[in-house]
């Protein structure tokens, strides 16, 4: 393992939420990890008769010092992106406080010579548009991470906003001027479906932030199964994250029309344990 990391992952045999109960900062989540645990378990409740497996994308990850254990934040982004490229996984980056976190991710995308999905916290639109400009040329998709509004400390620190359909339509229009798809990430509540109806984004990401934020109780798997058909009529593609660990989970997502899945914790753990080859090996296990 990298000597510049004091890992906050327990390297459980199965990453299912039981080994890091409510460890925040760290790899855990709120509600004593209830949503994290359900995210992992509930994929087994869904049918898995899809003919194809969705594309796999690295989830947007920030807070490498607070949550992962890196002593220096900056190296994490390029290390995990390079390892993901090595494994053939699609890329994404996120942002956080301070702004350097997003800037590190943008710099890492440029360093590896790839584009990725760029997810931005729900700041006021002026600040989101500024960040979209930072990512010009390396964003293959830009999205607003609406469930981040539920992170109370972040909300108060940087003035996160509960986004309206008008806010999101304005951002969608600007993304269109850049010629890139617009995404809404964090679809998990009935009111989120109403936003999707009004905005008609190119991509929606069903997500409860990996069980790390206070939102409705439940799993992304069951939310997908209950609402996929309706959501497909209002968005170009559905992506989903949360608890995807094995081939059966991937097939279950595919059976509900999911175009891409995003994976976070298992790839972080694999990077910490095995470096570039670690993520490649973890992906091989997931597909076997």
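A few remarks follow.
- Test: residue in region 31-48 that is surrounded by 21 or more Cβ atoms within 10 Å (Cβ to Cβ), in contact (Cβ under 8 Å) with a residue 60 or more places away in the chain, in contact with a helix residue (DSSP H, G or I) (Cβ under 7 Å, 6 or more places away or on another chain) and part of a loop (DSSP other than H, G, I, E, B): no
- Those helices (runs of 4 or more DSSP H) of region 75-173 in which 1 or more residues are in contact with a helix residue (DSSP H, G or I) (Cβ under 9 Å, 6 or more places away or on another chain) and within 23 Å of residue 197 (Cα to Cα) occupy 125-134.
- As a summary of the residue check, residue 274 satisfies the conditions (1) farther than 17 Å from residue 188 by Cα; (2) crowded, with 18+ Cβ neighbours inside 10 Å except for the one numbered (2).
- Annotation: residue 195 fulfils all but one of (1) in a helix (DSSP H, G or I); (2) more than 20 Å from residue 86 (Cβ to Cβ); (3) out of contact with any helix residue (DSSP H, G or I) (no Cβ under 7 Å at 6 or more places or on another chain); the unmet one is (3).
- Scanning region 96-112 for residues that are without any contact (Cβ under 8 Å) to a residue 40 or more places away in the chain and within 16 Å of residue 68 (Cα to Cα) yields 101, 104.
Values quoted throughout were computed directly from the atomic coordinates according to the rules given, and no laboratory measurement underlies them. All figures in this text were calculated on a predicted structure; none of them were measured in a lab. Virtual Cβ from ideal backbone geometry, glycine too; neighbours counted across all protein chains shown.
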